[in-house]
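Reviewing the structure listed below.
The values are calculated or read from the model by the stated rules, or taken from the named source; none is laboratory data. What you are looking at is a predicted structure, and each value in this text was computed from that prediction instead of being measured. When we count neighbours, we look across all protein chains shown, and the Cβ atoms used for this are built from the backbone with ideal geometry, even at glycine.
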Amino acid sequence: MVSLFTFVPERINMSQRTTEAVFPPQNPHFVGDGFRVHNFIPSYRHLSMQRMSPFIMLDYGSKFHFPPSDKPRGVGVHPHRGFETVTIAYKGRVAHHDSAGNSGVIGEGDVQWMTAASGVLHKEYHEETFTKTGGDFQMVQLWVNLPAKDKMSKPKYQEITKSSMKVVDLGEGSLEIIAGEYKGEKGPASTFTPVYIYNIRLKKGASAEINLPSDFNTAMLAVEGQFTINNADAVPTDHFALMRNDGETFTVTGVEDALILLLSGQPIHEPIAAHGPFVMNTREEIIEAFTDFEAGKFGHLD
Ligand code: MN
């Protein structure tokens with residue numbers, strides 16, 4: 001007896017993007033004396049620079065209380081070349097100065113997007129008033145790689161305040177677009193390659209449907225609360241979830257009130273040569289970066 005029916009799976013399942021792994025925060029380390037961070041990219045083997053491209057570094061400063069101080073804590077003058085540094089402040093305030101003449105202070109919910117490109121010197125400290133009062137500090141520093149053709153372009157700086165971000169109402173939550181777009185709304189960041197960065201706020205039990213190109217490398221950080229992916233995979237607070245590149249659509253649901261940082265970007269399929277603060281395509285370019293830095297070509301910053 002031959003059945004007349006052939007079972008066809010629903011298309012919604014065929015296009016679903018699934019979770020690859022959920023990573024706990026590693027033991028924290030201090031960057032300078034102001035940034036207590038857990039590294040996710042690239043120190044986990046499954047979160048290498050190539051696998052996560054264009055996201056080549058992610059340090060997460062989970063919520064940490066700094067007591068009042070007279071002296072601002074932070075990181076002194078250091079160089080970067082070949083990529084962008086993106087700082088997202090969730091708690092506390094960060095001040096920034098660079099050798100291209102840009103400076104600024106970002107507070108809760110603000111983002112500082114610095115394109116180091118051909119090279120800058122910069123320093124990052126807790127802002128003066130925050131230093132004096134002390135308080136909870138929580139932030140993300142992300143490095144976004146540049147394609148070879150843009151690595152030696154002119155440095156630039158985007159201060160992206162929380163109020164400038166497009167917020168999409170989800171009913172029992174909201175989706176704030178830092179970069180890229182969601183359901184036709186666009187975020188303020190200007191990027192060199194296609195990148196999506198969202199803050200997704202969900203009330204307990206609320207869901208958001210996310211639709212991204214299936215080849216874009218995609219991951220999420222549980223900044224506040226815990227959430228599930230596709231109503232199945234639990235992501236506890238301060239954990240980092242990596243998605244497979246096997247579909248376009250997935251859902252996130254708040255197990256409690258949750259804040260999720262979502263990163264998704266088109267991979268840059270080029271060789272990566274990385275050494276300390278320089279990320280280029282070849283070893284020769286790394287040596288050139290050191291030579292240029294020592295020759296003072298990155299400018300001057302006190
Ligand atoms: Mn830096």
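For residue 286, state whether it is of a type in the set (A, V, I, L, M) and over 25 Å from residue 189 (Cβ atoms). The answer is yes for residue 286.
For residues that are closer than 26 Å to residue 65 by Cβ and of a type in the set (S, T, N, Q), scanning just the range 122-161, find the one that is farthest from the chain's Cα centre (by Cα). Looking at residues that are closer than 26 Å to residue 65 by Cβ and of a type in the set (S, T, N, Q), I get 133. State whether one or more residues within the range 144-154 are surrounded by 19 or more Cβ atoms within 10 Å (Cβ to Cβ), under 12 Å from residue 87 (Cβ atoms) and either more than 16 Å from the ligand (Cβ to nearest atom) or not acidic (Asp, Glu) (or both). So far as the range 144-154 goes, yes, one or more of its residues are surrounded by 19 or more Cβ atoms within 10 Å (Cβ to Cβ), under 12 Å from residue 87 (Cβ atoms) and either more than 16 Å from the ligand (Cβ to nearest atom) or not acidic (Asp, Glu) (or both). Screening the candidates 26, 50 for the property of being outside any strand (DSSP E or B) and modelled with pLDDT of 95 or more yields one hit, 50. Strands (runs of 3 or more DSSP E) fully within the range 54-114 that include at least 1 residues being more than 13 Å from the ligand (Cβ to nearest atom), out of contact with any Ser or Thr (no Cβ under 8 Å at 6 or more places or on another chain) and free of Cβ contacts under 8 Å to residues at least 24 places away in the same chain: 103-106. Comparison of 242, 259, 263 shows that the only residue that is crowded, with 23+ Cβ neighbours inside 10 Å and at pLDDT 95 or above is 263.
Being of a type in the set (Phe, Trp, Tyr) and assigned to a loop (DSSP other than H, G, I, E, B) is the filter here, so list the residues in the range 199-230 that pass it. Across the range 199-230, the qualifying residue is only 216. Please verify whether the range 171-187 includes one or more residues that are assigned to a loop (DSSP other than H, G, I, E, B), closer than 27 Å to residue 105 by Cα and away from the ligand (no atom under 16 Å from the Cβ). There is at least one residue in the range 171-187 that is assigned to a loop (DSSP other than H, G, I, E, B), closer than 27 Å to residue 105 by Cα and away from the ligand (no atom under 16 Å from the Cβ).
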